[in-house]
Structures are given as C-alpha cells and as structure tokens.
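A.B. asks: Below you will find the structure I want to go over with you.
The values are calculated or read from the model by the stated rules, or taken from the named source; none is laboratory data. Quick caveat: nothing in here was measured; it's all calculated off a predicted structure. Don't worry about glycine lacking a Cβ; one is built from the backbone with ideal geometry, like all the others, and counts go over all protein chains shown.
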Amino acid sequence: MIRLPLNFIEVPAIHKINLMPTYSSSQLNHVIQVIFSAAGAKNQDAIQIADILVANHLAGHDSHGILRIPEYLQSIRDGEIDPQAQPEIIQETPTSAVVKGNWSFGQVVGNYATDIAIEKAQAMGVCAVSVVQAAHTGRLAVFTERAAAKDVVMFMTIGTVDRPMTAPYGGAAPIFGTNPIAITLPNQDGPHVTLDFATSAIAAGKIKVAKAKHEPLPPDCLLDKQGNPSTNPNDFFDGGFMLPFGGHKGYALAVIAELMSGPLLGSENFPGVTQRSGIFIFAMKAALFQPMEKYNQALQKTRKKIKAIPPAKGFQEVLLPGEPEFHMFQKRIKEGIEVPSDTWAAVKKAALTFGVDIDQLPIHE
C-alpha cells in the first residue's frame with residue numbers, strides 16, 4: 001500500500017510535447033517504493049524514503065529527489081548502505097541521545113532521530129541529539145518541519161559527508177562538503193518559518209540538476225580543477241570544486257557545521273565504509289518561554305510587520321523563509337512534477353540493476 005503525506009492528491013500523468021515529462025506525486029512515490037523494496041529495503045523504510053524524496057520535489061528541491069536514487073543504489077552495492085539496518089539509541093539522558101544509524105538509509109535515520117528529539121523536547125523542554133553512522137539524509141528541512149508540525153523548534157546541521165567539494169575562504173582546494181544548516185520555527189497559521197541552505201554557494205545536488213537539464217550554473221559558485229571560475233556543471237564532476245557562499249561568512253558557518261557535527265558529537269569514533277560526519281540536532285518546545293497561544297500571536301505579529309514592507313522593483317511580495325517552498329508545493333501538488341529526461345534515464349538504468357524497469361510500472365497506464 002502506498003502511504004502519502006496529508007494533502008497529497010492524485011493528478012493524472014501529463015506528458016508535454018517537447019518538454020520534460022511530468023508525473024504526479026503519487027506516481028513518483030510508487031516508483032521510489034518499488035525500487036527500494038527491490039533493493040532490499042523494509043517496506044516501512046521504502047515508504048519513508050519515498051515520502052521524503054517526493055516531499056523534496058514538491059518543495060521545489062529536485063536536487064534531493066529521485067536524482068539521488070542512482071547514488072543510493074550504488075551505495076547499497078558498495079556496502080555503504082545496509083538496506084536492512086535499523087537505527088538505535090546507544091546512549092541517552094532525559095535531554096539527550098546518541099543515535100547510531102548502523103548505515104541505514106539517511107531518511108530513515110533522520111526520521112528516527114527527529115522523533116526522539118521531538119519526544120524529549122516535548123517532555124523536558126529541550127533536547128540535543130547526536131547522530132552517527134547515517135547515510136545521506138538529503139534536505140534537512142524535511143526533518144525540522146516534521147518537528148514544527150509538533151510545535152517543536154528544531155536546528156540541524158551536518159558537516160562533510162562525502163568527498164571534499166568546497167574550498168575554505170582564501171583556499172585553493174576543497175576541504176568541506178556542502179555543510180548545510182537548517183532551522184524551523186512552527187507557525188500555526190501558515191507555512192512554517194524555515195531556514196535551510198548549504199554553506200557552499202550552491203548545493204551539490206543543484207549542480208547535478210543543472211547537468212541533467214544542460215543548463216549553466218550561476219557565476220561565483222564553482223571553480224574548475226585548475227582554479228578558474230566556471231559556470232559549466234561538468235567541470236565540477238571533472239575535479240572542480242565549490243566556493244562558500246558570502247565569502248568569509250559562509251565559510252565561517254561551514255566551520256561551525258563541521259565542528260558541531262564532527263568533534264562535538266564524536267562521530268569519528270564510529271567509522272564505517274566511508275568517513276562521514278555526524279548530524280547535530282537541537283530541539284526545544286516552542287512553548288518553552290510562554291504559552292503556545294502567545295508564542296503564535298507574537299509570531300504572527302512579527303510576520304505581518306515583515307510582510308507589510310512594500311516589495312522592491314521586480315518583486316511581487318516580501319517572502320519569509322519557507323514560503324517559496326510552500327507556494328511551490330501548492331503548484332506541484334496540482335500540476336505535477338517535471339523530471340528531466342536525463343534524470344529519468346539515470347534512475348531507470350540504476351533500477352534495472354535490481355530488476356526493476358520503471359518504464360513498465362503502471363504509472364504510464
């Protein structure tokens with residue numbers, strides 16, 4: 001059975017002439033579940049992975065959707081992901097926990113650790129969670145907004161979890177990953193207020209999207225392997241590397257992400273097939289300092305003040321963090337999700353290695 005998050009609706013498959021094919025959220029969800037079940041994932045884990053990858057598409061972040069399937073399947077073949085593994089708590093107090101992912105899927109471990117943080121924050125007011133031995137989680141806002149739905153404020157960060165791909169400020173070689181940071185404050189009267197960004201000038205997944213669409217990158221994001229500025233996404237895969245966003249400011253945030261999810265957590269004490277940073281989670285009850293009703297009233301007052309500012313030339317309105325994703329959700333849940341042909345072909349090729357031909361699935365009927 002396919003389980004979809006609340007307010008998912010069915011829309012028919014749309015195939016536009018000379019444009020990217022478009023699929024409904026439920027169609028992509030089904031494809032993802034079939035693929036990961038064939039790859040050895042437990043049914044409940046395949047559901048979680050599918051829900052999260054589709055949620056990322058609906059939010060407009062195709063860089064963390066089905067584009068990631070080939071690398072996840074390769075990680076299973078390489079022994080970097082154990083599709084049968086389950087996360088566990090190996091150390092805890094009333095206000096903290098160490099979660100060992102046992103190299104399960106990052107989405108599964110992320111949900112597990114997030115729910116622990118939510119439960120402890122609701123009971124004790126605050127909670128800090130260290131997550132080790134987790135595979136790639138994808139977009140962190142999925143987890144921080146999971147907490148916000150339970151009236152919990154959540155902060156998450158991850159350090160270098162793959163090959164170094166981002167140079168330090170003033171450096172001529174990569175040393176960091178994308179080192180993302182996310183925080184969400186719950187909003188009971190609209191979209192949650194969510195900050196979620198890579199500390200690199202562009203997320204690595206967005207470079208993959210640009211490559212799949214045969215589009216150039218924005219300037220000042222990428223250097224080729226000789227250290228020359230480039231907007232060609234292929235240069236990244238040929239030994240190039242990214243720059244931190246905002247110069248020294250993005251670099252400083254990358255350092256903080258690296259230290260909080262590495263040395264602070266002791267993630268180096270839990271090696272695996274690959275050396276990966278841990279995940280740092282801090283959660284607090286939104287009603288910690290005042291009743292939830294008063295918190296929400298104060299939040300609405302501040303939101304209204306910000307959004308009352310007249311938009312600058314070229315803008316329709318002042319948006320709060322998280323609102324662009326909310327608007328994209330409303331659009332894509334009705335109109336469907338476009339998938340580049342190159343991305344679909346890569347997913348099909350990877351799925352075939354586990355005996356699944358996605359072009360033969362009933363979504364095309």
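A.B. asks: Which numbered condition trips up residue 346, out of (1) surrounded by fewer than 17 Cβ atoms within 10 Å (Cβ to Cβ); (2) outside any loop (DSSP other than H, G, I, E, B)?
C.D. replies: (1)
A.B. asks: Follow-up. Which of (1) more than 18 Å from residue 65 (Cα to Cα); (2) surrounded by 10 or more Cβ atoms within 10 Å (Cβ to Cβ) is the odd one out, the single condition residue 339 does not satisfy?
C.D. replies: So residue 339 meets the others, but not (1).
A.B. asks: So, of the residues in segment 40-83 that are surrounded by fewer than 18 Cβ atoms within 10 Å (Cβ to Cβ) and among the polar types (S, T, N, Q), which turns out to be farthest from residue 27 (Cα to Cα)?
C.D. replies: Restricting to residues being surrounded by fewer than 18 Cβ atoms within 10 Å (Cβ to Cβ) and among the polar types (S, T, N, Q), the top hit is 74.
A.B. asks: Another question, then. Residue 224 is checked against (1) buried (at least 18 other Cβ atoms within 10 Å of the Cβ); (2) without any contact (Cβ under 8 Å) to a residue 24 or more places away in the chain and fails just one. What number does that condition carry?
C.D. replies: (1)
A.B. asks: Tally up the residues in segment 252-296 that are over 30 Å from residue 189 (Cβ atoms) and in a loop (DSSP other than H, G, I, E, B), please.
C.D. replies: The qualifying residues number 14.
A.B. asks: A further question on this structure: Does residue 210 satisfy the condition of being free of Cβ contacts under 8 Å to residues at least 40 places away in the same chain, within 20 Å of the chain's Cα centre (by Cα) and either under 16 Å from residue 170 (Cα atoms) or surrounded by 16 or more Cβ atoms within 10 Å (Cβ to Cβ) (or both)?
C.D. replies: yes
A.B. asks: What residue, among those in segment 133-155 that are of a type in the set (Val, Ile, Thr) and touching a strand residue (DSSP E or B) at 6+ places or on another chain (Cβ under 6 Å), is nearest to residue 52 (Cα to Cα)?
C.D. replies: Filtering segment 133-155 for residues that are of a type in the set (Val, Ile, Thr) and touching a strand residue (DSSP E or B) at 6+ places or on another chain (Cβ under 6 Å), the one nearest to residue 52 (Cα to Cα) comes out as 144.
A.B. asks: If we scan segment 39-50, do we find a residue that is modelled with pLDDT of 95 or more, closer than 16 Å to residue 206 by Cα and in a helix (DSSP H, G or I)?
C.D. replies: No, segment 39-50 contains no residue that is modelled with pLDDT of 95 or more, closer than 16 Å to residue 206 by Cα and in a helix (DSSP H, G or I).
A.B. asks: If you go through segment 220-242 one residue at a time, do you hit one that is within 20 Å of the chain's Cα centre (by Cα) and under 23 Å from residue 156 (Cα atoms)?
C.D. replies: Within segment 220-242 (the criterion being within 20 Å of the chain's Cα centre (by Cα) and under 23 Å from residue 156 (Cα atoms)), the answer is yes, since at least one residue qualifies.
A.B. asks: For segment 17-38, which positions are surrounded by fewer than 22 Cβ atoms within 10 Å (Cβ to Cβ) and either touching a Ser or Thr at 6+ places or on another chain (Cβ under 7 Å) or part of a loop (DSSP other than H, G, I, E, B) (or both)?
C.D. replies: Listed by number, the residues that qualify are 17, 18, 19, 20, 21.
A.B. asks: Okay, next question. Test residue 117 against the criterion of being in contact (Cβ under 8 Å) with a residue 40 or more places away in the chain, aliphatic (A, V, I, L, M) and closer than 19 Å to residue 41 by Cβ, and give yes or no.
C.D. replies: It is false that residue 117 is in contact (Cβ under 8 Å) with a residue 40 or more places away in the chain, aliphatic (A, V, I, L, M) and closer than 19 Å to residue 41 by Cβ.
A.B. asks: Select from segment 130-173 the residues that are more than 30 Å from residue 228 (Cα to Cα), polar (S, T, N, Q) and not in a loop (DSSP other than H, G, I, E, B) and list them in ascending order.
C.D. replies: 130, 133, 144
A.B. asks: Further question on the same structure: Just to be sure I understand, how many residues within segment 178-235 are among the charged types (D, E, K, R) and part of a strand (DSSP E or B)?
C.D. replies: 1
A.B. asks: So residue 178 fits all but one of (1) modelled with pLDDT of 95 or more; (2) crowded, with 18+ Cβ neighbours inside 10 Å; (3) of a type in the set (Val, Ile, Thr); what number is the exception?
C.D. replies: (1)
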